[in-house]
Structures are given as C-alpha cells and as structure tokens.
Amino acid sequence: MRKKIVAGNWKMNTTCPEGVELAKAVAAKSVEVPANVGLIVAPPATNLYCVAEAIKGSKVELSAQNCADHTSGAYTGEISAAMISSVGCQWTILGHSERRQYYGETDEKLVVKTKLALEAGLGVILCVGENLDEREAGKHFDVCTEQIKNVLYNFTAEDMKKIVIAYEPVWAIGTGKTATAEQAEEIHACIRKVIAEKFGQTVADDTTILYGGSCKPSNAKELFAQSDIDGGLIGGAALKADDFIQIALSF
C-alpha cells in the first residue's frame, strides 16, 4: 500500500524562532497522527537546521523547498542538495509552481536537480500542474502529462521509489479557489496512468501523489477520500499546527 503523506510548505514565512515554535507544536501533535500517515515540514532554508533540532525524535520529517542545479562552486546564494542533506533533510520540493513562474524553473533544469537530489540521498516531491489559462483551454491533462514525461521519464523505476508527485492546480494556489474533489481525482488518475505507461502498473500503484491546491481542514476529508489522492502539499494551513494536524487526521 502506498504511503499517505501530508507535507507543509512554509514558503517564505517564519523567522528561525518562529519556525522552531511551529515545528515543536507540529512535533508534539504528531503523536495523534496514525502511523501510516507521514508528516513532512518544509521551512525556509535559513530555518532548516534549527527546525531539524526541534523535530528530532518525532515522526516529522524535514524537507527543503528547493535545491541548486550544481553540486558546488561559484554560485552565490545557491544551496546544494548535499548541503541540504547535511543539515538533516530527508526531502526537497522541486518544480513548485512559484519556482516555475517567478524564477524560470524549466523541466530541463528539474531533471538535473532531481538527479542531484537523489544522489545526495534525498527524496523528491516533484510538483506539476496547470495555470488558469491552460485549465480554461482544456489543456490541463496535456500540461501535466508533458511535465511528467519531460522530467520523470529520465529516471528509473528504482528512482521512483524516492519520488513523490504533487499536483498543483496553479489557479487554486493562494486564491482561495479549490479544485473539486472530482477535478483533482481525474488529474491524479491521469498522472498515475502516465507513470504506468513508462514504469508499469506496479510502480504507478506504489507512487504517492499529493494534492497541492488550497487544501485545508474543511476540504481535506473529501479530497483524501478519492482513490488516487494520497495526501496533500499544504501551503497556508501548514503555518498553523492545529490546522496542519487536522488535515493529517482527515484520511
């Protein structure tokens, strides 16, 4: 049975002291969450080490929000996958819609970043999804299929054991809009089908696919009841420990 996961992307929020306070609250409440549901928090890079200390001994795992597309060198301001791993991260998020939109993240670059993350021993939460124009033009299946093929078809079935996919309807991020459970499920099912075409049905059935569009306590149960939705990549609701844990209790 594939892993259920609720991951919190804190984005550019929390100072180090605020991050420690939030992480400790999540860790304390994590005992309420069933053993088969994984919890991940992704604070800003400045908070990774202090949050790693705050969640030590709990079931909560640590993720970065990005990593560099080089191993080391004269790349001022960048943080390599090995550096991220060295402070206690088990995961990194790659290809988030905000990285694609604001920082020119391309599928080609994501292939490199995913390779470096896997080599550093990190799991990868790879984000895919369509914007509003693509959704309204009926291109949402094509966009997600292309993103999956462009990145993941460069890897092996063995690599897929360390990769989680997060579907982000970009039009539902930070807007208060949410895809209906049926809209989310049909895209998740499409993604699983694309994975099966390359890696086989067993790998597809074992791949965790998260919903990443304004998931909150009020809609998590309906979303998570869908057969192909295995959890959530949570934004705003992850900044409140009670809300984050409530989402994790929605399976």
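Read the figures in this text as sums done on the coordinates, not as results from a lab. Predicted model only: the values in this text are computed from it and were never measured. Here the Cβ positions follow ideal geometry from the backbone for every residue, glycine too, while neighbour counts run over all protein chains shown.
A few comments on the model shown:
- Placing unit charges on the Cβ atoms only, positive for Lys and Arg and negative for Asp and Glu, gives the chain a dipole magnitude near 520 debye about its Cα centre.
- The relative contact order of the chain, computed from alpha carbon pairs under 8 Å that lie at least 6 residues apart in sequence, is 22 percent.
- Between segment 1-23 and segment 63-102, the alpha-carbon centres lie 16 Å apart.
- Between T156 and K115, the modelled labels are 1.4 nm apart [label points 7 Å from Cα along Cα→Cβ].
- Taking the average, over residues, of other Cβ atoms within 10 Å as the packing measure, peptides 189-196, 3-10 rank 3-10, 189-196 from highest down.
- For segment 75-209, fraction of C-alpha pairs farther apart than 24 Å, in %: 30
- Segments 160-168, 207-215, 101-109 sorted - mean Cβ within 10 Å per residue, highest first: 207-215, 160-168, 101-109
- Taking amide H positions as modeled 1.01 Å from N, with prolines and chain starts lacking one, the residues under 5 Å from I40 and 5 or more places away or on another chain are V6, A7, G8, E61.
- Considered as an equivalent ellipsoid built on the Cα gyration tensor, segment 189-251 has semi-axes of 26, 10, 9 Å, the largest given first.
- In the chain, helices alone account for a calculated mean residue ellipticity at 222 nm of -12500 deg cm²/dmol, with every DSSP H run of four or more residues adding -39,500 (n - 2.57).
- Note on segment 16-122: with charges restricted to the Cβ of Lys and Arg (+1) and Asp and Glu (-1), its dipole about the Cα centre is near 180 debye.
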